[in-house]
Amino acid sequence: MTSLLEVQNLTMRFGGLTAVDGLNFKVEKGHIHGLIGPNGAGKTTTFNMISGFYTPSDGKVLLNGEEISGLPMHHVANRGIVRTFQHSTLFGELSVLDNALVGTHMTFRPNIFAAILGLDGAARRNALDRARSSLEFFGLGGLEDELAGDLSHGHQRALGMAVAYASRPDLILLDEPFTGMNPEETRQMMGLMRRLCAEGTTILLVEHDMQAIMGLCDNITCMSFGKFLAEGGPSEIRNHPDVIEAYLGGARHVA
Amino acid sequence: MRNFLIWAVVAVALIILPNLVSFSQQEVLVFLTINILVVASYRLLTLTGEWSLGHVVIMGVGAYASALVTKELGLWVPLGILVGGASAAFIAFLLSYPLFRMKGFYFLIGSFAAGEIIRLLWKRFRDPFGGAKGIKGIDPMPDFSIGIYQFDFFEPVSYFYFSAVVVALCLWILWRIEKSPVGLTFHAVHWQDKLAQASGVNLRSYRTLAFVIASGFAGIAGALLAHYIGTINPNSFDVEVMVFVLTWAIVGGTGTFYGPILGCIVLTILNEIVLRELGLEQTRPLIYGLILILSILFMPNGLESIVQKFTRRKEAK
Ligand SMILES: Nc1ncnc2c1ncn2[C@@H]1O[C@H](COP(=O)(O)OP(=O)(O)OP(=O)(O)O)[C@@H](O)[C@H]1O
Ligand SMILES: [Mg+2]
């Protein structure tokens, strides 16, 4: 059985620095898969290669066994992989609802002729329903008309996910979704991710909050200095000597 | 119903307006109408965050194309105007390949260079473009009658009515585009292209789309101009005119659909009433430059911000 996502020997060099070095792992359909590692381990760079933001220096990204590495980001998105960004990246000048509407772009392709002639009413209504349900899912239902830039940090993180979810992707890449959330928000968000997963969305999650990672993930890949370090379920990773060593070396605690 | 009434009043006012002013002011009304289309189409491009210095030259492409197909091939003028728009859109499409390898400042400079190259081609090739002297004796709109009104295109009033209808139709289309999901995508491309692309938006296609549409409408404006003044040359579309368009857009503000239009109207009135009366016509570029600087310093969001202040206050009451 092919996995939903597989990276083979994935490598990214920036000049003399090898940010990701021969990384291999697989993400199974229906799982929440964690990708962890100390600061600067290369997690975001890995996301950038999977999502098509960077072209890998070497190695491959396979989606359902098909190579997608090197495709531009919008092509990767159209194949069903959508990502969020580590630093809240939103359309700050647009309303919350408009942000979510942009997320529906792939499902309800704008058609300029239909728009001028007013023949796209049904598509617009469906897009609106989709956008609203995505906001509702992430608890942003009452904030539709706010400017995205005015939201609290936690709401901004949630909106980033709502925009991604609005396209109903097969695989969603979340880069540190819990930063800036208080414990209560984190707990709620974990619940939403479980629901998302139960609805059939596979999640690849980068996160430093070990409690969240251990509580959510079916499988965890740990990397350090760009290299694969260990893989396994939460309990294996928690007790893995190399992982503990990497984090203590990086002055971080494993919960 | 209320909207319909407002538009009916506007229409009646526009029908009456040219009959209240002098002949030379009627001519100004025609230019103003055409310039409104130029500046409104320019705004569509700015929605994606790109500012071009070639817009007026693209307008010229429409003027030349329409002048040539009507003069040389004998095409009916209204069709020629459409051909003008289509030609401008097509040239913009071709230019998008080199130009959209660049963004921001580099796009600005690239668009200027592309425009100058087109102007050089007009100057260089006397056949068919007429060289530096340009094209003279461009076919006027053929007269026609709609029963209650006889269009006589030697009269500026008739041409004002004709161009007002064409421009109104174009503005309506531009407005529909802006308020559609396509318009939203333009905004998305502007404000955060990374997230737009991660949401599946093909950035290049949308930038090109905005550029092509904006250019098409600029081409129609150019064609309207050509068939009115009857003679065009490369200097009709030089950078000085581009500076006027930029000034209208910036003074009016590009945050709303009506901002640039407002800028165009206010500055034209200022120009005609104040400058011409005071005999300061010659200093127009200087005064425009001054207005541009002052408005950037003291009114960074344009005239539209003043309008918004008033409408907001009314809402609050
Ligand atoms: N565009 C770039 N050019 C040069 N070096 C880069 C670039 N992007 C990342 N790096 C370097 O690559 C390494 C990995 O960075 P990356 O952002 O992938 O780490 P990370 O695991 O996401 O870290 P964090 O947990 O802090 O987000 C770092 O040393 C970083 O400085
Ligand atoms: Mg990172």
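The values are calculated or read from the model by the stated rules, or taken from the named source; none is laboratory data. It should be emphasised that the depicted structure is a prediction, and the values quoted were computed from it without experimental measurement. Cβ placement follows ideal geometry from the backbone for every residue including glycine, while neighbour counts extend to all protein chains displayed. SASA here: full protein model, heavy atoms, side chains in, ligands and nucleic acids out. Shrake-Rupley method; radii C 1.70, N 1.55, O 1.52, S 1.80 Å.
Looking at (1) within 29 Å of B:Ser24 (Cα to Cα); (2) modelled with pLDDT under 80; (3) not aromatic (Phe, Trp, Tyr), which is the one condition that is false for B:Arg313?
Status for B:Arg313: all satisfied but (1).
Which numbered condition trips up B:Leu225, out of (1) away from every other protein chain (no Cβ under 14 Å); (2) within 17 Å of the chain's Cα centre (by Cα); (3) open to solvent by 30 Å² or more (accessible area, probe 1.4 Å)?
B:Leu225 satisfies all of (1) away from every other protein chain (no Cβ under 14 Å); (2) within 17 Å of the chain's Cα centre (by Cα); (3) open to solvent by 30 Å² or more (accessible area, probe 1.4 Å) except (3).
Please verify whether segment A:38-58 includes one or more residues that are polar (S, T, N, Q), within 14 Å of another protein chain (Cβ to nearest Cβ), within 16 Å of ligand 2 (Cβ to nearest atom) and not in a helix (DSSP H, G or I).
Yes; the residues of segment A:38-58 include at least one that is polar (S, T, N, Q), within 14 Å of another protein chain (Cβ to nearest Cβ), within 16 Å of ligand 2 (Cβ to nearest atom) and not in a helix (DSSP H, G or I).
Give segment A:81-132 a look and list any residue that's of a type in the set (Val, Ile, Thr) and surrounded by fewer than 17 Cβ atoms within 10 Å (Cβ to Cβ), or say none. Give the steps one after another, and end with the answer.
Keep residues of segment A:81-132 that are of a type in the set (Val, Ile, Thr), which gives A:81-82, A:84, A:89, A:96, A:102, A:104, A:107, A:112, A:116.
Across segment A:81-132, the qualifying residue is only A:Thr107.
Could we say that A:Thr186 is over 20 Å from A:Leu4 (Cβ atoms) and hydroxyl-bearing (Ser, Thr, Tyr) here?
Details: over 20 Å from A:Leu4 (Cβ atoms): yes; hydroxyl-bearing (Ser, Thr, Tyr): yes.
Spelling it out, A:Thr186 is indeed over 20 Å from A:Leu4 (Cβ atoms) and hydroxyl-bearing (Ser, Thr, Tyr).
Can you go through A:Asp175, A:Asp170 and tell me which one is within 14 Å of another protein chain (Cβ to nearest Cβ), in contact (Cβ under 8 Å) with a residue 24 or more places away in the chain and over 26 Å from A:Gly92 (Cβ atoms)?
Working: A:Asp175 fails: over 26 Å from A:Gly92 (Cβ atoms).
None of the others qualify; the one that does is A:Asp170.
Condition test on B:Pro98, is it closer than 19 Å to B:Leu225 by Cα and in a helix (DSSP H, G or I)?
Numbers: closer than 19 Å to B:Leu225 by Cα: no; in a helix (DSSP H, G or I): yes.
Taking the combined requirement at face value, the residue does not satisfy it.
What's the total number of residues in segment B:263-306 that are assigned to a helix (DSSP H, G or I), among the aliphatic types (A, V, I, L, M) and open to solvent by 50 Å² or more (accessible area, probe 1.4 Å)? Walk me through how you get there before you give the answer.
Quick first cut of segment B:263-306, residues assigned to a helix (DSSP H, G or I) only: B:263-278, B:281-298, B:302-306.
From what's left, among the aliphatic types (A, V, I, L, M): B:265-267, B:269-270, B:273-275, B:278, B:286-287, B:290-294, B:296-297, B:303, B:306.
Restricting the remaining residues to those that are open to solvent by 50 Å² or more (accessible area, probe 1.4 Å) gives B:265-266, B:269-270, B:273-274, B:278, B:286, B:290, B:293-294, B:296-297, B:306.
Adding up the residues that qualify gives 14.
Restricting the first residue to segment A:189-215 and requiring it to be away from chain B (no Cβ under 14 Å), which pairs with a second residue that is away from ligand 1 (no atom under 16 Å from the Cβ) and polar (S, T, N, Q) meet a Cβ separation below 8 Å and a spacing of at least six or different chains?
Note: pairs meeting the criteria are A:Asp209/A:Thr186; A:Ala212/A:Thr186.
Kindly indicate the residue of segment A:70-84 that is more than 9 Å from every other protein chain (Cβ to nearest Cβ) and part of a loop (DSSP other than H, G, I, E, B) and also farthest from B:Ser199 (Cα to Cα) among those meeting that condition.
Within segment A:70-84, the first condition is being more than 9 Å from every other protein chain (Cβ to nearest Cβ), and the residues that meet it are A:70-71, A:79-81.
Next, from what is left, pick out any that are part of a loop (DSSP other than H, G, I, E, B): A:70-71, A:79-80.
Details: A:Gly70: 17, A:Leu71: 14, A:Arg79: 11, A:Gly80: 10 Å.
In this case the residue turns out to be A:Gly70.
Please verify whether A:Leu17 is closer than 15 Å to A:Gly226 by Cβ and either within 16 Å of ligand 2 (Cβ to nearest atom) or open to solvent by less than 20 Å² (accessible area, probe 1.4 Å) (or both), treating the condition exactly as stated. Give the derivation first.
Details: closer than 15 Å to A:Gly226 by Cβ: yes; either within 16 Å of ligand 2 (Cβ to nearest atom) or open to solvent by less than 20 Å² (accessible area, probe 1.4 Å) (or both): yes.
Spelling it out, A:Leu17 is indeed closer than 15 Å to A:Gly226 by Cβ and either within 16 Å of ligand 2 (Cβ to nearest atom) or open to solvent by less than 20 Å² (accessible area, probe 1.4 Å) (or both).
Tell me, please, whether a residue that is within 14 Å of chain A (Cβ to nearest Cβ), free of Cβ contacts under 8 Å to residues at least 12 places away in the same chain and touching a strand residue (DSSP E or B) at 6+ places or on another chain (Cβ under 7 Å) can be found in segment B:187-198.
Yes, that holds for at least one residue.
Taking A:Leu173, is it within 16 Å of ligand 2 (Cβ to nearest atom) and either aliphatic (A, V, I, L, M) or outside the structural domain of A:Ser3 (by TED's automatic domain parsing) (or both)?
Details: within 16 Å of ligand 2 (Cβ to nearest atom): yes; either aliphatic (A, V, I, L, M) or outside the structural domain of A:Ser3 (by TED's automatic domain parsing) (or both): yes.
The answer is yes for A:Leu173.
Let me confirm something: among B:Phe257, B:Phe153, B:Phe237, B:Phe244, which residue is open to solvent by less than 10 Å² (accessible area, probe 1.4 Å) and of a type in the set (A, V, I, L, M, F, W, C)?
Going through B:Phe257, B:Phe153, B:Phe237, B:Phe244 in turn, just one is open to solvent by less than 10 Å² (accessible area, probe 1.4 Å) and of a type in the set (A, V, I, L, M, F, W, C): B:Phe237.
In segment A:85-112, how many are in a loop (DSSP other than H, G, I, E, B) and either within 9 Å of chain B (Cβ to nearest Cβ) or touching a residue at least 24 places away in the same chain (Cβ under 8 Å) (or both)? Spell out how you get there, then give the answer.
If we filter segment A:85-112 for residues that are in a loop (DSSP other than H, G, I, E, B), which is where we start, we get A:85-94, A:104-111.
Those left that are additionally either within 9 Å of chain B (Cβ to nearest Cβ) or touching a residue at least 24 places away in the same chain (Cβ under 8 Å) (or both): A:85-86, A:88-94, A:104-111.
So the answer is 17.
Can you name the residue in segment A:174-192 that is within 13 Å of ligand 1 (Cβ to nearest atom) and modelled with pLDDT of 90 or more and, of all such residues, is nearest to the chain's Cα centre (by Cα)?
Pass one, segment A:174-192, residues within 13 Å of ligand 1 (Cβ to nearest atom): A:174-179.
Among the residues that remain, those that are also modelled with pLDDT of 90 or more are: A:174-178.
Working: A:Leu174: 2, A:Asp175: 5, A:Glu176: 8, A:Pro177: 8, A:Phe178: 12 Å.
Out of the qualifying residues, it is A:Leu174.
Suppose we keep only residues that are surrounded by fewer than 19 Cβ atoms within 10 Å (Cβ to Cβ) and within 16 Å of ligand 1 (Cβ to nearest atom) within segment A:46-72. Which one would you say is nearest to A:Leu23 (Cα to Cα)?
The qualifying residue nearest to A:Leu23 (Cα to Cα) is A:Gly59.
Of everything in segment A:208-252 that's within 19 Å of A:Gln86 (Cβ to Cβ) and assigned to a loop (DSSP other than H, G, I, E, B), which residue is most open to solvent (accessible area, probe 1.4 Å)?
Top of the filtered list is A:Phe225.
Filter segment B:186-200 down to the residues that are open to solvent by less than 10 Å² (accessible area, probe 1.4 Å) and under 23 Å from the mean Cα position of the chain (by Cα) and list them by number.
B:Phe186, B:Val189, listed by residue number.
B:Val39 is checked against (1) open to solvent by 80 Å² or more (accessible area, probe 1.4 Å); (2) touching a Cys at 6+ places or on another chain (Cβ under 6 Å) and fails just one. What number does that condition carry?
With respect to (1) open to solvent by 80 Å² or more (accessible area, probe 1.4 Å); (2) touching a Cys at 6+ places or on another chain (Cβ under 6 Å), B:Val39 is out only on (1).
When you scan segment A:134-170, how many residues do you find that are over 23 Å from A:His75 (Cα atoms) and within 16 Å of ligand 2 (Cβ to nearest atom)? Talk me through it step by step, then tell me what you get.
Of the residues in segment A:134-170, the ones over 23 Å from A:His75 (Cα atoms) are A:135-158.
Of the ones still in play, those that are also within 16 Å of ligand 2 (Cβ to nearest atom) are A:157.
Residues that pass the stated criteria total 1.
Can you give me the number of residues within segment A:14-27 that are over 15 Å from the mean Cα position of the chain (by Cα) and either more than 9 Å from ligand 1 (Cβ to nearest atom) or not in a strand (DSSP E or B) (or both)?
Of the residues in segment A:14-27, the ones over 15 Å from the mean Cα position of the chain (by Cα) are A:14-26.
From what is left, the residues that are either more than 9 Å from ligand 1 (Cβ to nearest atom) or not in a strand (DSSP E or B) (or both) are A:15-16, A:21-26.
Here the count works out to 8.
Suppose the filter is over 28 Å from A:Lys43 (Cα atoms), at pLDDT 95 or above and within 25 Å of the chain's Cα centre (by Cα); does A:Ala131 pass it?
Numbers: over 28 Å from A:Lys43 (Cα atoms): yes; at pLDDT 95 or above: yes; within 25 Å of the chain's Cα centre (by Cα): yes.
It is true that A:Ala131 is over 28 Å from A:Lys43 (Cα atoms), at pLDDT 95 or above and within 25 Å of the chain's Cα centre (by Cα).
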